[in-house]
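Comments concern the structure below.
The values are calculated or read from the model by the stated rules, or taken from the named source; none is laboratory data. What you see is a predicted model; the values in this text were computed from it and never measured. As a convention, Cβ positions derive from the backbone with ideal geometry for all residues, glycine included, and neighbour counts pool all protein chains shown. For the accessible areas, the whole protein counts, side chains as well, though only heavy atoms, and no ligand, DNA or RNA atoms are used. Shrake-Rupley method; radii C 1.70, N 1.55, O 1.52, S 1.80 Å.
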Amino acid sequence: MVTPTASARPGPVLVAEPGAGPAADHAAGTSADHDAGTRRRVLQIVATDGPVSAADLATALDLAAAGVRRHLAALEHAGQVTVHVGGGGARGRGRPARRYVVTGHGQGTLSQRYAEIAADALRFLADAAGPEAVERFAEQRVRELETRHAAAVAAAGDDVTARTHALADALARDGYAASARPVPGTGALQLCQGHCPVQDVAAEFPQLCEAETRAFGRLLGVHVQRLSTLPSGGHVCTTSVPTRRPTGGP
């Protein structure tokens, strides 16, 4: 079902006349899909080239300026773009052109599109080279995370608690909304991540979560256990970290 944006005006395109039949419904859906596709293109160009004006977008998309302004108004109403404040160049007499940039909400919308592309790419990789190729990709991806944070974790010394807090801080700087929390009455910490940049993709490819868990264990020097993940429906990704290293074996 296509849901019209809040800015859409009621009319025959979105609301069929009584007795119009399936053909009118199909035309309405086709028109709404076309508008949605154009707005995605507008949002992508604003994200890439912003601040941009309606005239800039009309030229890039080969559309009438009035149509572009209609799409910009819908995106602005949805909180995905906003008018850029300051820095706009003058264009002769009169008020300067309104120039647009993408908001954080708009970036999130684009990220969802990128997640679809990433999932498509991993499906192709799995079909073409087998599931082992996805596992190798996941491992390569987390190796970069290990390399990026190894120095910060090592600087915390040998204490597992200190290393876990250092890793949580490093992940928080990466945007994972991470924290390390003690578990009362146990010799363990919980490494929690309130945000996952690949959540939608990892729901289909849990190899990404499994590789990340192994990377945490290597960084901290202990065997860690993943208790819950955002992709599997948890409200946070939670990894149990024992705070005492195992003693030597027999």
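Points to keep in mind about this one:
- Checking Ala133 against (1) open to solvent by 40 Å² or more (accessible area, probe 1.4 Å); (2) touching a helix residue (DSSP H, G or I) at 6+ places or on another chain (Cβ under 9 Å), the condition it does not meet: (1)
- Single match in Gly185, Gly175, Gly194 (criterion: touching a residue at least 24 places away in the same chain (Cβ under 8 Å) and open to solvent by 20 Å² or more (accessible area, probe 1.4 Å)): Gly194
- Selected residue (criterion: nearest to Gly157 (Cα to Cα)) from residues of the stretch 214-244 that are of a type in the set (Ser, Thr, Tyr), out of contact with any helix residue (DSSP H, G or I) (no Cβ under 6 Å at 6 or more places or on another chain) and open to solvent by 20 Å² or more (accessible area, probe 1.4 Å): Ser240
- All helices (runs of 4 or more DSSP H) inside the stretch 131-250 with 2 or more residues being of a type in the set (Ser, Thr, Tyr): 160-173
- Members of the stretch 155-172 found to be under 19 Å from Leu230 (Cβ atoms) and open to solvent by 40 Å² or more (accessible area, probe 1.4 Å), listed by number: Ala172
- Within the stretch 204-227, restricting attention to residues that are closer than 19 Å to Val160 by Cα and in contact (Cβ under 8 Å) with a residue 60 or more places away in the chain, the residue that is nearest to the chain's Cα centre (by Cα) is Glu212.
- Check on Ala97, more than 15 Å from Arg41 (Cβ to Cβ), open to solvent by 30 Å² or more (accessible area, probe 1.4 Å) and modelled with pLDDT of 90 or more: no
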